[in-house]
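Novice: I'd like to ask some things about the structure below.
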Amino acid sequence: QVQLVESGGGLVQAGGSLRLSCAASGRTFSTYHMAWFRQAPGKEREFVAGILWNGASTYYADSVKGRFTISRDNAAKNTVYLQMNSLKPEDTAVYYCAAKLSFRGSWYSQYDYWGQGTQVTVSS
């Protein structure tokens, strides 16, 4: 069982930066593949970025590639981060982190655990 708690959201102007954090409970965090998703009002939830259990590989949605960076701290903080730079109004959404034990061949689906979300609002 893994519990995920996101933080770091807020209101920022276009062009600004935010860093989201997702703190995980449990001693097995380092074995989980992690990802960030987001959901804007009236839209379906979409994949943003993912990172393998050991940080050896990352993957990004085209819409955030080059602007967002996902990372993780397995050693001390049991936390996954999403550094968001050059933010745009279309990045406005609730951001969720997710975890799964088995990769199952896809970054986009079959996550076992979800956080409660943190709101990111980018003003123009």
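Novice: If I compute solvent accessible area with a 1.4 Å probe over the protein chains, what percent of it on the chain is carbon and sulfur? It would help to have the intermediate numbers written out before the result.
Specialist: Working: 3000 of 6310 Å².
Carbon and sulfur together cover 48 percent of it.
Novice: Can you compute the charge dipole magnitude of the chain about its Cα centre, using +1 on each Lys and Arg Cβ and -1 on each Asp and Glu Cβ, nothing else charged? Give it in debye, rounded to the nearest 20. All intermediate terms of the calculation are to be shown ahead of the outcome.
Specialist: Working: 12 positive and 8 negative charges, 38 e Å.
Computed about the Cα centre, the dipole is about 180 debye.
Novice: Quick one: divide the alpha-carbon radius of gyration of the range 74-116 by 2.2 N^0.38 Å and tell me what you get.
Specialist: 1.43
Novice: Still on this structure, please answer the following. Taking amide hydrogens as modeled 1.01 Å from N in the peptide plane, which residues meet the under 5 Å criterion relative to Gly16, leaving out close sequence neighbours?
Specialist: HN-HN under 5 Å from Gly16: Leu87.
Novice: A further question on this structure: By a straight-distance test (C-alpha under 16 Å), which aspartates and glutamates pair with Lys77 as possible cross-link partners, with residues fewer than eight away in the same chain excluded?
Specialist: Glu6
Novice: Still on this structure, I have one more. Rule-of-thumb check for the range 29-124: C-alpha Rg over 2.2 N^0.38 Å?
Specialist: Relative to the rule-of-thumb radius for its length, the range 29-124 sits at 1.04.
Novice: Tell me the label-point distance for the pair Ala56, Thr69, using the 7 Å Cα-to-Cβ offset, in nm and rounded to one decimal.
Specialist: According to this spin-label approximation, the distance is 2.2 nm.
Novice: Grab the beta carbon distance between Lys77 and Gln39, set R0 = 30 Å, and tell me the FRET efficiency rounded to 0.05.
Specialist: Here the calculated transfer efficiency is 0.70.
Novice: Straight-line reach only, C-alpha to C-alpha below 16 angstrom: list the aspartates and glutamates that Lys43 could link to, leaving out same-chain residues fewer than 8 apart.
Specialist: Glu90, Asp91
Novice: Just Asp91, Asp112, Asp62 to compare: in a GNM of the chain, with alpha carbon springs under 10 Å, which one fluctuates most?
Specialist: Asp62
Novice: With θ set to phi - 60° and the Karplus curve 6.51 cos²θ - 1.76 cosθ + 1.60, what are the ³J(HN,Hα) couplings of the range 65-79 in order, to the nearest whole Hz, using x for Gly and Pro?
Specialist: 4, x, 10, 10, 9, 9, 8, 8, 10, 8, 6, 10, 10, 6, 9
Novice: Under the 0.36 nm per residue contour assumption, what length would be gained going from the current alpha-carbon distance of Gln13 and Ser86 to full extension? Intermediate results must be reported in sequence, preceding the final value.
Specialist: Numbers: separation 73, 0.36 × 73 = 26.28 nm, distance 0.95 nm.
Net length gain for the segment: 25.3 nm.
Novice: For the range 42-91 and the range 6-27, what is the centre-to-centre distance using only Cα atoms, to the nearest Å?
Specialist: About 10 Å separates the Cα centre of the range 42-91 from the one of the range 6-27.
The values are calculated or read from the model by the stated rules, or taken from the named source; none is laboratory data. Keep in mind it's a predicted model, so treat the numbers as computed, not measured. Every residue, glycine as well, gets a Cβ built from its backbone with ideal geometry; the counts of neighbours run over all protein chains shown. In case anyone asks, the SASA skips ligands and DNA or RNA and just uses the protein heavy atoms, side chains included. Shrake-Rupley method; radii C 1.70, N 1.55, O 1.52, S 1.80 Å.
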